[in-house]
Structures are given as C-alpha cells and as structure tokens.
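Written out below as structure tokens is the structure these notes cover.
The values are calculated or read from the model by the stated rules, or taken from the named source; none is laboratory data. These figures come from a predicted structure and were not determined experimentally. Cβ placement follows ideal geometry from the backbone for every residue including glycine, while neighbour counts extend to all protein chains displayed.
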Amino acid sequence: MLHLPKKMLYALEAVVDIAFNARPDPVQSKEITKRQGIPLRYLEQVMQQLVHGGILKGVRGPRGGYRLARERRRITAGDVIRVISAAEAEEEAQIFTSEIGQKVVGPLWNDAQASLLAELDSVTLEDLCQRAMKKGRVEAPSDGSHFEI
C-alpha cells in the first residue's frame, strides 16, 4: 500500500488544525503539537514551507503563530501536498535512472501521482473541517469563528 511521507501527513494535519481552530488570534505551533502530537521540530519545518508556498501566513510576536493565507474553502488538500512535495521534487527526479525505469515505471508512477493529486484537489479544507465535526473527533471553536473574507 502507498503511504504519504510523514512530512506530508503532518502538513495536512497542521493545516486542518489551523483551519478548524482559526480565531481572531493566530494558532501557535505549540498548540498544534499539543492537539495533534506532531513533533515540534518537524512542525516548524513544515510550517515554513507552507508559509513560503502561500498556504499559511506567519504572524510574529508574543501572540504570533499561523493563519490561513486564503479562505479554507479555497485551499485543497492537493495544494498542501504540492507545496511539501516541491521541496523533494529534485530527489524524486533521480529515482528512475535505468532505461526501463525512465520509460516504463516512471510514467506509471507519474500517472498514479496525478490521479492521487486530482482526488486531493477535490477536497477543500472546508470539507475536512466538516468531516472532523461529523466524526466528533474535534470540537468546533466556541465562538464559531473561522477565516472568511
């Protein structure tokens, strides 16, 4: 079975946490670590990539943290995965060095990845927040706020 790298899974969990727990104040990394159990050393790397990729905005200061850069209905799971995978794209390009790898296995793998990304592009952070509420695994913010323009 295929598995997404931990870094991608952490990125999705962190972004959904921010989308779900968005308030007037930004969400701090330590809060995400507490709620999701993501090691802080991985989380900070992921968060910086997501800021540079335009998914999150970093807010500095003592009450700083992270906010979504766009409305949660305008960010897809595919957007998050693309930002994280962009940093690893160079390594992946050199996986298939043999002729059969380049001409047969590589294209098959590329098609499989394109299908997965198409599926992830059909799911927004809004969808994931709604799923979380339906599953009863997380509580909605008490003030009912979330990022909207």
(request) Only residues that are outside any loop (DSSP other than H, G, I, E, B) and surrounded by 21 or more Cβ atoms within 10 Å (Cβ to Cβ): list them for the range 55-64, please. (result) 56
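Okay, residues lined up against (1) closer than 22 Å to residue 131 by Cβ; (2) aliphatic (A, V, I, L, M); (3) more than 13 Å from the chain's Cα centre (by Cα):
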position	(1), (2), (3)
23	yes, no, yes
26	no, no, yes
29	no, no, yes
34	yes, no, yes
47	no, yes, no
53	no, no, no
61	no, no, yes
64	no, no, yes
(message) Going by what's in this entry, would residue 18 be described as outside any loop (DSSP other than H, G, I, E, B), within 11 Å of the chain's Cα centre (by Cα) and surrounded by 14 or more Cβ atoms within 10 Å (Cβ to Cβ)?
(response) yes
(message) When you check residue 13 against the structure, is it in contact with a helix residue (DSSP H, G or I) (Cβ under 7 Å, 6 or more places away or on another chain) and surrounded by fewer than 15 Cβ atoms within 10 Å (Cβ to Cβ), yes or no?
(response) no
(message) Anything in the range 86-105 that is small (Gly, Ala, Ser), part of a helix (DSSP H, G or I) and at pLDDT 90 or above? List them, or say none.
(response) 101
(message) Checking the conditions here, which among 52, 3 is surrounded by fewer than 20 Cβ atoms within 10 Å (Cβ to Cβ), more than 17 Å from residue 123 (Cα to Cα) and modelled with pLDDT of 95 or more?
(response) 52
(message) I'd like to verify a number: residues in the range 6-26 that are touching a strand residue (DSSP E or B) at 6+ places or on another chain (Cβ under 8 Å) and over 24 Å from residue 120 (Cα atoms), how many?
(response) 2
(request) May I ask you to say which residue of 66, 42 is at pLDDT below 95 and touching a helix residue (DSSP H, G or I) at 6+ places or on another chain (Cβ under 6 Å)? (result) 42
(message) Any residue in the range 115-129 that is polar (S, T, N, Q) sitting within a Cβ distance under 7 Å of a residue that is surrounded by 14 or more Cβ atoms within 10 Å (Cβ to Cβ) and in a helix (DSSP H, G or I)? List the pairs, counting only those 6 or more apart or interchain.
(response) 124/72; 124/73
(message) Can you go through 23, 73 and tell me which one is assigned to a loop (DSSP other than H, G, I, E, B) and not aromatic (Phe, Trp, Tyr)?
(response) 23
(message) For the range 65-88, check the following and say yes or no: at least one residue is free of Cβ contacts under 8 Å to residues at least 60 places away in the same chain and more than 28 Å from residue 122 (Cβ to Cβ).
(response) yes
